[in-house]
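Visitor: Sharing a structure below in structure tokens format, with a few things to ask.
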């Protein structure tokens, strides 16, 4: 197999990776054993930080001056260790946001920890991060850098991280929310789409739209969600929001994903109509900006909706029409252990004709290739990368397939990272994969613990691909 110049590998907390060319090894045992060697094909681990033993969810890697800084969102702690010790200060702190200098991927340097909310697992921490430079934001200080993060499930905050070792809070949303999750921030316009649980709405996750062009003084624009989710509605309640990805002012489209592992909906929204249309959350007004919708089966959700517009299809190069297609990759999240629910996977959707989106292919890992259902943990996809870097865009994507819980010092989920070749999205291929070794602190997860009341959903996603050439950054 031809070597790749970029790759990834997973560890608890933050892992930083570059290319390698080791054969894939698969344990034939019924369950994962401590000391089982790592499994990799065309990948190797080049750097690692345990993040003070804090369970990691979303890393955002930002090119800041002459450095690359990783901002990593954490879930809450565990009953055993609700407040890990910040080794920089000696103080016990609730999990929040770790800030790590990853300029040298082989030698990451921990800079700071911003505490989050009290609570274990998904009840605490500060899972999500987005970062913008002030020079990109219309009203930002051109010398500053800003971090948008969730504050547990209670709210949203913005920090000045110009000096990443000394983050300073500059804004916090007033009032307490029912929940938060994976938001999106357009750095060139300042428009932010916040996954929130505004009291009165019939779901715990919907969208608040803010103008954050001045990070010190955000202005709310409107609330948004699917008809039936709004206050005062009656009848069935549509599945709640998970997250969204915007193509910004130029692309004028936002792709919303509802549902996580069931009743998935991908909603295609006209950005201009969302921002400037009628704002009162009536059923008619909520439908006004929608230009397309894909309703999935009750078996699958829409965790991540990653757009790949104007994708040239080599096979169609000589066709009179349709040589380019707008593609969205939908990735579901596997939640239950040991294959105790329908298999979640990656779906490729042709949205060229937005009113009629059509699934054209899917990608999954063969269970038989590693006897994964018998090895514990969740087996199925969770999330994809969200990168438009030149050497990935319209060519490759990374998705995480959960497999087993592992250490070193907090609950986490072992995963297999799979790189999919999507030059022809009707036939995605797998050229690379990687999974870390089991350790003495591996936390077994088996068929006897099949429910969603899981100890942690950390380390299941591959959020940041790059920007350092040759590296991916994963939790």
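Quick note: the coordinates plus some simple rules give every number you see, no bench work behind them. What you are looking at is a predicted structure, and each value in this text was computed from that prediction instead of being measured. Here the Cβ positions follow ideal geometry from the backbone for every residue, glycine too, while neighbour counts run over all protein chains shown.
Visitor: Would you order 181, 156 from fewest to most other beta-carbon atoms within 10 Å of each residue's own beta-carbon?
Guide: So the ranking, lowest neighbour count to highest, is 181, 156.
Visitor: Let me ask another. Based on other C-beta atoms within 10 Å, arrange 206, 212, 311 from fewest to most.
Guide: Ascending number of Cβ neighbours within 10 Å: 311, 206, 212.
Visitor: On the Cα set of the stretch 277-381, report Rg and Dmax in Å, please.
Guide: Reported Rg and Dmax, both Å: 17.7, 53.
Visitor: For the residue pair residue 272 and residue 107, what label-to-label distance in nm results when each label sits 7 Å from Cα along the Cα-to-beta-carbon direction?
Guide: 5.2 nm
Visitor: Neighbour counts of other C-beta atoms within 10 Å: give me 39, 367 arranged from fewest to most.
Guide: 367, 39
Visitor: Quick check on packing: order 290-297, 221-228 by the mean number of other C-beta atoms within 10 Å, highest mean leading.
Guide: Peptide ranking by packing, descending: 221-228, 290-297.
Visitor: From the alpha carbon gyration tensor of the stretch 205-271, can you work out the equivalent ellipsoid semi-axes (sqrt of 5 times each eigenvalue) and give them in Å, largest to smallest?
Guide: So the equivalent ellipsoid measures 23, 16, 10 Å along its semi-axes.
Visitor: How much length would be gained if the chain were fully extended between residue 237 and residue 67, taking 0.36 nm per residue of separation minus their Cα-Cα distance, in nm to one decimal?
Guide: Roughly 56.6 nm would be gained on extension.
Visitor: Packing-wise, with mean Cβ within 10 Å as the measure, how do 61-69, 377-385 rank, highest first?
Guide: Final packing ranking: 377-385, 61-69.
Visitor: For residue 143 and residue 320 in the same chain, what is the full-extension length gain: residue separation times 0.36 nm, less their Cα-Cα distance, in nm?
Guide: Full extension of this stretch gives 58.8 nm more.
Visitor: Provide the gained length on full extension for the span residue 170 to residue 282, in nm with one decimal, where the gain is 0.36 nm per separating residue minus the Cα-Cα distance.
Guide: Between residue 170 and residue 282, full extension yields an extra 37.0 nm.
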